[in-house]
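Structure record follows, encoded as structure tokens.
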Amino acid sequence: MQLNPAQQSAVTYISGPCLVLAGAGSGKTAVITHKIRYLVNQCHFAPDSIAAVTFTNKAAAEMKQRIADVIGDEVKNIWAGTFHGIANRILKRHPEIVGLKQDFTIIDSDDQLRLIKQIAGEFEIDMQIIEDFYATAIHLLLVAVYSIYRIWLTNTPVKILKGWSIFFFII
């Protein structure tokens, strides 16, 4: 794909965060894949220092394929996927950071609710207390996400794991 001047500018910009806002089908994923190729081939970034994050499994699979098309086998070293997929990959590599064992399991929201109800029943806990706590926990999570977003916007360096250097968010 031939990039237009604005897209080419986004590809070659490496002085800080670069937000690409565009409509569906306008070439955002092409910009990301070309930028990754530029960072790996021209700027000599290590592929495992790049994260490309999207929201759906379908978009993640397409993004990984497009990245593979431009950089080949090195795609397996890039942190490309959904927020959940990348978080799971981090936890699988470093479970001790959050106090987990290597063989931990992540359960979906239906299983979580079923388990919470079972435990509440066994301990005779009023589900309203749990629902109130859950609402508070969601609020705290949103505050944390907002804080991370603000840090990202102000270009304050935040390292989750040693060696990470680039995050892409495709919205």
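Values for this structure:
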{"quantity": "Residue match in region 34-46 (condition: touching a Leu at 6+ places or on another chain (Cβ under 9 Å) and of a type in the set (Phe, Trp, Tyr))", "calculated": "yes"}
{"quantity": "Some residue of region 42-49 being touching a strand residue (DSSP E or B) at 6+ places or on another chain (Cβ under 8 Å) and open to solvent by 30 Å² or more (accessible area, probe 1.4 Å)", "calculated": "yes"}
{"quantity": "Cross-chain or 6+ apart pairs with Cβ under 6 Å, region 61-83 first and more than 13 Å from Ile32 (Cα to Cα), then acidic (Asp, Glu) and modelled with pLDDT of 85 or more", "calculated": "Asn77/Asp48"}
{"quantity": "Scope region 21-35; condition open to solvent by less than 80 Å² (accessible area, probe 1.4 Å) and without any contact (Cβ under 8 Å) to a residue 60 or more places away in the chain; matching residues", "calculated": "Ala22, Gly23, Ser26, Gly27, Ala30, Val31, Thr33, His34"}
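The values are calculated or read from the model by the stated rules, or taken from the named source; none is laboratory data. These numbers were taken from a predicted model, which means no experiment stands behind them. When we count neighbours, we look across all protein chains shown, and the Cβ atoms used for this are built from the backbone with ideal geometry, even at glycine. Protein only, heavy atoms only, side chains kept; ligands, DNA and RNA dropped before computing areas. Shrake-Rupley method; radii C 1.70, N 1.55, O 1.52, S 1.80 Å.
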